[in-house]
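*Asks:* Input: one structure, supplied below.
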Amino acid sequence: MAVIAARRYSACMHDPALADAGPDVAHLVDRHPTVSPERLIAQLVPPPTFTDVSFASYVPDPAEPSQAEAVIACAQFCEQAEQRRAGRRRLFGKREVLPGVGLYLDGGFGVGKTHLLASTYFALAASDGGAAAYATFGELTQLAGVFGFVECIDLLADYTVVCIDEFELDDPGNTTLISRMLSQLVERGVSVAATSNTLPEQLGEGRFAAQDFLREINTLAEIFTTVRIEGPDYRQRGLPAAPEPPSSAAVTARAAEIGGATLDDFDALCGHLATMHPSRYLNLIDGVSTVCLTGVHGLDDQNVALRVVALIDRLYDAGVPVVSSGARVDTLFSEEMLAGGYRKKYLRATSRLMALSAAAG
């Protein structure tokens with residue numbers, strides 16, 4: 001209790017308005033989630049925001065033909081994945097394992113790639129004998145870290161498809177790991193569907209010495225058939241520009257009014273995120289109805305910014321609104337950051353954070 005009280009005191013020193021929240025308001029900085037191997041397996045499903053999606057519920061923009069074409073490509077991929085999993089009948093009634101197929105949905109943020117990926121999951125999970133797994137790229141690498149490389153291959157080898165959202169290679173270790181993992185899964189008849197804002201042959205550009213890992217990157221590119229989806233960010237259709245944020249006192253009062261809300265100082269939360277692997281962020285916000293933040297400001301540290309991006313992604317997946325004071329949410333990432341190798345990540349996070357802020361009302 002003394003440790004928790006000390007953290008709350010520290011947070012209040014950052015923003016004295018937090019002291020007025022009252023003892024019943026929860027704080028994310030007081031949470032220290034753990035993720036068991038069993039829970040990691042149980043989480044191999046689409047996030048709550050996408051539990052009811054399907055190909056039929058995806059509404060293509062008539063002005064963007066590639067969107068309707070992507071729906072057709074996903075449906076065809078499902079048929080091919082089922083055929084590959086069934087294998088080819090050989091003499092004496094045995095079946096030969098056929099390599100899986102790969103689908104890579106590439107496009108800007110907000111064109112419905114995750115909607116289509118989740119729809120692919122549900123279509124194959126609902127098929128006769130279908131088994132599907134769904135994970136973000138970070139969750140997949142964490143799965144390998146917890147179970148071990150060989151064990152992870154064995155765990156996923158019986159699935160018809162593995163769906164990977166936010167496929168982005170941020171370091172050479174992940175490049176080698178995922179290249180080997182997906183290659184072996186495809187050889188064992190597992191098909192792979194993925195979404196990303198970066199073409200397969202461009203993964204890692206601007207982030208590390210990608211030219212030193214061309215073999216792994218090219219191996220990944222050979223697995224996938226790329227489907228490009230064009231169009232504007234649907235989250236911003238009719239959405240006004242980011243409004244001026246409320247005061248810290250108003251955010252604190254709002255947190256006290258909303259059941260299940262949490263209230264944190266932005267800097268204190270950023271420090272707390274650094275104490276855990278991003279794969280735990282989903283558990284960090286488990287059961288939270290609204291995240292309230294005070295003292296939000298622009299970021300100039302790339303490591304901090306990427307952790308915030310990971311949190312925003314999990315908040316968006318879970319459909320948790322955000323109320324914040326300080327800087328406007330569309331100024332969180334600096335122009336220098338937006339010009340770097342993680343530009344698309346930051347733009348996607350900004351789009352999602354604006355949508356979550358609008359949802360808070």
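*Asks:* Which residues among the range 139-163 fall inside the zone where the amide N is under 17 Å from a point 7 Å beyond the Cα of residue 98, along Cα→Cβ?
*Replies:* Residues 159-162 qualify, since their backbone N sits under 17 Å from the label point.
*Asks:* Give, as a single signed number, the net charge of other residues whose beta carbon lies under 15 Å from the beta carbon of residue 157, with Lys and Arg counted +1 and Asp and Glu -1. Walk me through the numbers on the way to the answer.
*Replies:* Details: positive: 84, 85, 180, 188; negative: 151, 154, 158, 187.
After counting each charged neighbour, the total is 0.
*Asks:* Using a probe of 1.4 angstrom, how much of the accessible area of the range 275-361 is carbon and sulfur, in percent?
*Replies:* 50 percent
*Asks:* Let me ask something else about it. For the range 245-361, with every protein chain kept in place, what is the accessible area per residue (1.4 Å probe, Å²)? Could the numbers behind the result be given before it?
*Replies:* Working: 4200 Å² over 117 residues.
That works out to 36 Å² for each residue.
*Asks:* How large are Rg and Dmax for the range 232-361 when calculated on the C-alpha trace, in angstrom?
*Replies:* My reading of the Cα-based Rg and Dmax gives 13.8, 40 Å.
*Asks:* Mind ranking 331-339, 112-120 by how tightly packed they are, going by the mean number of other C-beta atoms within 10 angstrom, highest first? Could the numbers behind the result be given before it?
*Replies:* On the way: 331-339: 15.4, 112-120: 24.4.
In decreasing order of mean packing, 331-339, 112-120 become 112-120, 331-339.
*Asks:* Report the accessible area of residue 257, computed with a 1.4 Å probe over the heavy atoms of all protein chains in place, in Å² rounded to the nearest 10.
*Replies:* Only protein atoms counted, so the area is about 140 Å².
The values are calculated or read from the model by the stated rules, or taken from the named source; none is laboratory data. Keep in mind that what you see is a predicted model, and the values were worked out from it rather than measured. We place every Cβ from the backbone using ideal geometry, glycine too, and count neighbours over all the protein chains shown. Accessible surface areas use protein heavy atoms only, side chains included; no ligands, DNA or RNA. Shrake-Rupley method; radii C 1.70, N 1.55, O 1.52, S 1.80 Å.
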